[in-house]
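What follows is a single structure, written as structure tokens, with notes after it.
Derivation of every value follows stated rules applied to the coordinates shown; laboratory data play no part. Source: prediction; values computed, not measured. No Cβ is skipped: glycine too gets one built from the backbone with ideal geometry, and neighbour counts run over all protein chains shown.
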Amino acid sequence: MRHLLDLKGLKCPMPVLKTARLLAQVESGSEIEVICTDPMSEIDIPHLVQSEGHALIGQNRHADQFVYVIRKA
């Protein structure tokens with residue numbers, strides 16, 4: 001199952017905290033698409049994913065938006 005997490009307009013540390021909260025709630029194997037406008041998310045989201053053992057299966061930037069696709073371990 002894929003979940004969409006729209007975090008546009010939120011500033012650090014909210015995008016990483018909300019992403020972590022959703023990761024804790026979904027089933028293993030679920031995918032989360034996270035959309036952020038906070039430039040710090042380029043550091044914070046991949047670090048969160050790696051430190052918790054999940055997989056970052058996609059990362060793109062579209063204008064001022066950062067898009068991440070994460071698969072929960």
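For the chain, what is the charge dipole size about the Cα centre, in debye to the nearest 20, if Lys and Arg each add +1 at the Cβ and Asp and Glu each add -1 at the Cβ?
Numbers: 8 positive and 9 negative charges, 19 e Å.
I would put it at about 100 debye.
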Two-decimal log10 I(q)/I(0) for the chain, as the Debye equation yields it once each C-alpha is a single scatterer, q = 0.12, 0.21 Å⁻¹: -0.25, -0.80
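Give the order of H47, H62 when sorted by the count of other beta carbons within 10 angstrom, beginning with the fewest.
Numbers: H47 11, H62 8.
Lowest count first: H62, H47.
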For H3, the residues 5 or more places away or on another chain with a placed amide H closer than 5 Å to its own amide H are E31, I32, E33
Measure nothing but the geometry: give the 0 to 90° angle between the long axis through the Cα atoms of 14-25 and the longest principal axis through the Cα atoms of the chain, rounded to 10°. 10 degrees
Can you give me the distance in nm between label points at H3 and R71, each placed 7 Å from the Cα along the Cα-to-Cβ direction? 1.8 nm
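Per DSSP H run of at least 4 residues, take -39500 (n - 2.57); add these up for the chain, divide by its residues and hand me the 222 nm value, nearest 500 deg cm²/dmol. Show your work: numbers first, answer last.
Working: 2 runs with 24 residues, N = 73.
Only helices count here, giving -10000 deg cm²/dmol.
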Along the Cα-to-Cβ line of R61, 7 Å from the Cα, sits a label point; which residues in the range 4-42 have backbone N less than 16 Å from it? 35-42
With θ set to phi - 60°, apply the Karplus curve 6.51 cos²θ - 1.76 cosθ + 1.60 along the range 66-71 and write out the HN-Hα couplings as whole Hz, x wherever there is a Gly or Pro. 10, 10, 10, 10, 10, 10
